[in-house]
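Structure first, commentary second.
The values are calculated or read from the model by the stated rules, or taken from the named source; none is laboratory data. These numbers come from a predicted model, not from an experiment. Methodologically, a virtual Cβ is constructed for each residue, glycine included, from the backbone with ideal geometry; neighbour enumeration extends over all protein chains shown. We work out accessible area using only protein heavy atoms, side chains counted, and drop any ligands, DNA or RNA first. Shrake-Rupley method; radii C 1.70, N 1.55, O 1.52, S 1.80 Å.
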Amino acid sequence: MTKFLLISGDSEKEKVIKEVFSSDEVISTTDETLIFDCLEVEEPDIVILDGDLEGLDFKALCRKIKLHPVVILLILGEKKHNKDVTHNVNLFIKTPIDKKLLSATIDSALKTRQSLIKLSKANQELARSLYQLNVMYNTSSQLAGSLDKDKLLKIMLEGVEKSLSFDLSCILTFRSEREPVLIINSLYKISDRLLEALKLRAILSYKSLLKDPPFDIKIGNLKIEKNIKHNIKEYDFSILRYDNMFAPIMHNEDFYGFVEIYREKPFSTEDATVFQTLVQQVTIPLQSASFTQELKATNRKLQKLERLKSEFISIVSHELRTPLTAIKNAMDIILSGKAGEMSENIEKFVSMGKRNAIRLSGIINDLLDISKIEAGKMDFKFELTNIEPVIEYVKNNLTEMAKEKGLEIKYIPSETSAEIYADSNRLEQVLTNLVSNAIKFTTEGTIEISTKIVNARELHYDQCFEEDIKNLHGNYLQVCVEDHGIGIERKDLNHVFDKFAQIENSLSRKVGGSGLGLPIARQLMESHNGAIWCDSELNKGSKFYFVIPVANDKSNFNMIKKQLIQKAKANLSTVAIINIKSSSEVIENLLNEENLLNKTYMANSLIEKANGMTSLSMVIMDGDKPSAEFLKKKINSVVEQKKNVYGECDIMFSYEIEGEVHEKDSYSG
């Protein structure tokens, strides 16, 4: 049945219309208030407006009627209407009214109206589908950016709520293997008995999903987290009669929990697809988060074991060194003759004991050094220095050792000299190790020490050292120790700097050693922001190279940064590396701000200028994410408050904490 609203005071017209549509409902009125009440309450399909009716503003009336989903038919009589009226109606019919024409016009209007209603619904569904697709896309993007389980579930649930507008949701998940949690998100408060029912329902669902549940969940050990939006009313058992959807959160055989949502309005097939898709989207990020948690836990265990190992080596080495020192001193006294005369055999065996005691002392020192380096407790005294005194000291110190084997040590200095930031004692240790190794494994000829200044792009090395050298940039001092000894096979080059490794051949077994000298040298070079590698050919000799950055402010800063990071790891603390980039004037103003970038921040810092921009880098001990974010907000606040000083400026702020890099965050002051 069609509903008509007739707005006319002409009884003849009303009679004709009621005759034509006798089987339909016709409501007649001329009162403007009743007209709009009827439109709201009765919701007519057709509004027939008598164009000859007096006392009405047709233009305003038509515009208001048009806001409702009705067809407007205007009966044109003697009164003329302007375009403002005719543009706001759908159909026209002239007087005297032709009954057949009126019926045909209304039939056509009703068919048009049905088509428009269908089109409107289709548009609404399309808009809703596009909105849901957009929500799924945004949810997927957010899920890809997190490895926090709680945050992942929250993102997924927000996506479900935005796209489906549920009344109540329940998520069962596990914070750990023995900590099941039921997270309840509700539009309104929930009664105590409903809460107990939801807990029981969650436990039964968990047991029905898994044939052999890994953990027995009971009501007593199920932790509850409630998030209630409004307290104006309370849900009870009646909500369990709402339409609901359920989906497990699983990937292959890995179970992460499940989600159940309730809504008073029934869910459509499209809603079910959206729900299942959103739940499936969270499974892979959850798996990655679980792997990351396991990896972090394993790393913590490994770090603890490594620390215990280093402490054990350190304690044992110290305990060995004490009696060994006493043994060496006793042998020195015996060999000096102060303990009495010795026979030739006794002197021979005591000298042998002293040599082995010295050798054992060297091994103990190597063990102590490697444990200190790995624990980040190796002390360095970096200062501006030259390599020449270091080479001369090592050359003079080992000349006698070389002469005993009929070898000569030559030093070929670079044509140009350069200063470096380094610990001279540690460089002596590295060079002594390389030269003494060359002496050990060479039977005749000359051992050459040479230096030169090179650019990182000019370095030549075997591919197996790519990882150690590829990140070097700029100019370096290169030191080379070359011998003509037994050499090393190419396949063994990548094991030369491994701990406790000695390349197997008869001579290496004969000379012995701890197998720690070269690994220590490698670690010391890393601490100097340099690198060490070798090039060798079997039975023709070896060349060992190491490089250290030519002294500049950046190399000094990088060395301090590496040392502070190493110390922080040893002390189980954190280091924040903060970078601020802007124009020179902005950086200068920031430095002059009282209590903004004070001594705490500037103690270990570097200022670089390039292409009209200035970069300020700072290393802050015990720095963490909140402190870095606080500094950024503080800088932003100062820049905002002092527009007269800073004007319109761009500041790029980034920071790194424990390997977590925060990309450049640019904002305008």
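For Leu34 and Asn227, what does the FRET efficiency come to when R0 = 60 Å and r is the distance between their Cβ atoms, rounded to the nearest 0.05?
Values: r = 48 Å, r/R0 = 0.80.
After rounding, the FRET efficiency stands at 0.80.
Take each peptide in 583-590, 118-125, 524-531, 460-467, count the other Cβ atoms within 10 Å of every residue, and average; sorted highest first, the result is 524-531, 583-590, 460-467, 118-125. Estimated at the nearest 10 Å², the accessible area of Lys296 is 120 Å² with a 1.4 Å probe. From helices alone, the chain scores -16000 deg cm²/dmol at 222 nm; the rule is -39500 (n - 2.57) for each run of n ≥ 4 DSSP H residues, then divide by the residue total. For the residue pairs Lys440/Lys554; Lys66/Lys162; Lys66/Lys100; Lys567/Lys634, the C-alpha atoms sit more than 30 angstrom apart in Lys440/Lys554; Lys66/Lys162. Under a 5 Å amide H cut-off, with hydrogens placed 1.01 Å from N, Ile409 pairs with Ile447 among residues at least 5 apart or on other chains. Scanning residues 5 or more positions from Leu222 or on other chains, none has an amide H under 5 Å from its amide H, with H placed 1.01 Å from N in the peptide plane. From largest to smallest, the equivalent ellipsoid semi-axes obtained for region 400-483 from the alpha-carbon gyration tensor read 26, 15, 13 Å. Only beta bridges with both residues in the chain are counted; by DSSP, about 70 percent of them are antiparallel.
With a ≥ b ≥ c taken as the square roots of the eigenvalues of the C-alpha gyration tensor of region 544-654, please select rounded if a/c is under 1.5 and otherwise prolate if a/b is larger than b/c or oblate if it is not?
On the way: a/c = 2.80, a/b = 1.48, b/c = 1.89.
Oblate, since a/c reaches 1.5 and b/c is not below a/b.
With contacts taken as Cα pairs under 8 Å at a separation of at least 6 residues, region 347-428 carries a relative contact order of 38 percent. A straight chain from Glu179 to Glu467 at 0.36 nm per residue would run longer than the Cα-Cα distance by 99.4 nm. At an R0 of 30 angstrom, the distance between the Cβ atoms of Asn595 and Leu572 translates into a FRET efficiency of 0.50.
Express as a percent, rounded to the nearest 5, the fraction of DSSP beta bridges in region 140-257 (both residues included) that run antiparallel. Write out the running numbers ahead of the final one.
Details: 11 of 19 bridges.
Rounded to the nearest five, the antiparallel share is 60 percent.
Partners of Lys405 within straight-line reach, counting aspartates and glutamates whose Cα lies under 19 Å from its Cα and excluding those fewer than 8 residues away in the same chain: Glu444, Glu448, Glu482, Asp483. For the peptides 413-425, 300-312, 270-282, the ranking by packing is 270-282, 413-425, 300-312, with the highest mean count of neighbouring Cβ atoms within 10 Å listed first.
Across every pair of non-identical alpha carbons in region 67-207, the mean reciprocal distance, once inverted, gives a Kirkwood radius of 21.0 Å. Extension gain, His251 to Asp24: 0.36 nm times the residue separation minus the Cα-Cα distance gives 75.8 nm.
For region 1-67, the square roots of the Cα gyration tensor eigenvalues, ordered a ≥ b ≥ c, give a/c of at least 1.5 with a/b no greater than b/c, which places it in the oblate category. Amide H to amide H distances under 5 Å link Thr2 with Glu25, where only residues 5 or more positions off or on other chains count and H is placed in the peptide plane.
For region 26-38, 3J(HN,Hα) computed residue by residue from phi via the Karplus equation (6.51, -1.76, 1.60; θ = phi - 60°) reads 10, 10, 10, 6, 10, 7, 4, 5, 5, 4, 6, 5, 5 Hz, glycine and proline entered as x.
Given the Cα-Cα distance of Val645 and Ile97 and 0.36 nm per residue of separation, how much length would full extension add, in nm? Mind dumping the intermediate values first?
Working: separation 548, 0.36 × 548 = 197.28 nm, distance 8.04 nm.
In short, 189.2 nm is gained.
Treating each Cα of region 124-205 as an identical point scatterer and summing with the Debye formula, the log10 of I(q)/I(0) at q = 0.11, 0.22 Å⁻¹ comes to -0.39, -1.09. Rounded to the nearest whole Hz, the Karplus-based 3J(HN,Hα) values (6.51 cos²θ - 1.76 cosθ + 1.60, θ = phi - 60°) of region 71-81 follow the sequence 9, 9, 10, 9, 8, 8, x, 6, 6, 9, 10, with x at glycine and proline. Summarised in one figure, the compactness ratio Rg/Rh of the chain, Cα atoms and Kirkwood Rh, is 1.24. What shape does region 281-431 take by its C-alpha gyration tensor, where a ≥ b ≥ c are the square roots of the eigenvalues and a/c under 1.5 counts as rounded, a/b above b/c as prolate, and the rest as oblate? Here region 281-431 falls in the oblate category. Give me the net charge for the shell around Pro44: Cβ to Cβ below 9 angstrom, other residues only, Lys and Arg +1, Asp and Glu -1. Local charge sum for Pro44: -3. As a length-normalised measure over Cα pairs under 8 Å and 6 or more apart, the relative contact order of the chain settles at 7 percent. Note that region 465-478 has calculated 3J(HN,Hα) couplings of 9, 4, 4, 6, 10, 4, 8, 6, 9, x, 9, 9, 8, 9 Hz, one per residue in order, obtained from phi through the Karplus relation 6.51 cos²θ - 1.76 cosθ + 1.60 (θ = phi - 60°); glycine and proline are x.
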